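See below for the structure under consideration.
The values are calculated or read from the model by the stated rules, or taken from the named source; none is laboratory data. This structure is a prediction, so every number in the text was calculated from the model and none was measured. Reconstructed Cβ throughout: ideal geometry from the backbone, glycine too, with neighbour counts over all protein chains shown. Ligands, DNA and RNA are excluded from the accessible area calculation, which covers all protein heavy atoms including side chains. Shrake-Rupley method; radii C 1.70, N 1.55, O 1.52, S 1.80 Å.
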Amino acid sequence: MEKLLKVSAIKDGTVIDHIPTKALFKVMKILRLEDCRQMVTFGNNLDSKAMGTKAIIKIANRFFADEEVNKIALVAPHAKLNTIRDYEVVEKKVVETPKEIRGIVRCFNPKCITNAEKITTRFEVLSDKPIAMKCFYCEKITIENEMVFF
Ligand code: CTP
Ligand code: ZN
């Protein structure tokens, strides 16, 4: 049987596959795709053997630095990155949780200075599954199911 792609193949760029369906729009936000001038195509609630359902994003003519794309590990820890050149997959990577997170997530502590003033949050990641991250400013630990995104 012919395999028809739900989201068309791209010529050059990046395909981010195996995104949890609930994380699709957070990934878009973390990568600032709303400002991207290139062709961005995506699909959500697609069938996945491994995950049941998944989301996928394809960004034409964009190639991300590791530290840029690793930020999405917070919401899509099993995402796979495929670099496409001239229709071929030339590189495959899995995202890795960064050691340090700047911005993206609020500090869980309501009394933290980052919740009172316009200061970019900054955390040291203590563990990645589930995520636990320690605030650089107040030293309180924010855990995965308490994470609130900006
Ligand atoms: N892809 C694309 N455009 C291309 C080539 C590939 O959009 N020109 C997409 C495919 O649709 C797939 C992903 O990039 O979603 C990875 O491609 P490939 O490695 O061929 O697929 P799989 O073997 O299914 O990948 P996986 O490692 O996830 O099993
Ligand atoms: Zn704090």
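Quick notes on this one:
- The numbered conditions (1) over 24 Å from Lys129 (Cα atoms); (2) open to solvent by less than 30 Å² (accessible area, probe 1.4 Å); (3) of a type in the set (Val, Ile, Thr); (4) assigned to a strand (DSSP E or B) are all true for Ile10 except (4).
- Summed over the range 90-120, the residues that are touching a residue at least 60 places away in the same chain (Cβ under 8 Å) and within 14 Å of Ile141 (Cβ to Cβ) give a count of 0.
- Every listed requirement among (1) away from ligand 1 (no atom under 13 Å from the Cβ); (2) exposed (fewer than 14 other Cβ atoms within 10 Å of the Cβ); (3) under 18 Å from the mean Cα position of the chain (by Cα) is met by Lys29 save one, (2).
- Inter-residue pairs, beta-carbon under 9 Å, first closer than 9 Å to Cys107 by Cβ and among the hydroxyl-bearing types (Ser, Thr, Tyr) and in the range 122-150, second open to solvent by 80 Å² or more (accessible area, probe 1.4 Å) and not in a strand (DSSP E or B), 6+ apart: Thr142/Arg106; Thr142/Phe108
- Scanning the range 14-62 for residues that are without any contact (Cβ under 8 Å) to a residue 24 or more places away in the chain, assigned to a loop (DSSP other than H, G, I, E, B) and aliphatic (A, V, I, L, M) yields a total of 0.
- Test: residue in the range 61-70 that is in contact with a Gly (Cβ under 7 Å, 6 or more places away or on another chain) and either modelled with pLDDT of 95 or more or buried (at least 20 other Cβ atoms within 10 Å of the Cβ) (or both): yes
- Taken together, the residues in the range 82-99 that are more than 16 Å from ligand 1 (Cβ to nearest atom) and open to solvent by less than 80 Å² (accessible area, probe 1.4 Å) amount to 2.
- Options Ala23, Ala79, Ala73, Ala55; residue that is more than 19 Å from Ile131 (Cα to Cα), open to solvent by less than 80 Å² (accessible area, probe 1.4 Å) and more than 9 Å from ligand 1 (Cβ to nearest atom): Ala55
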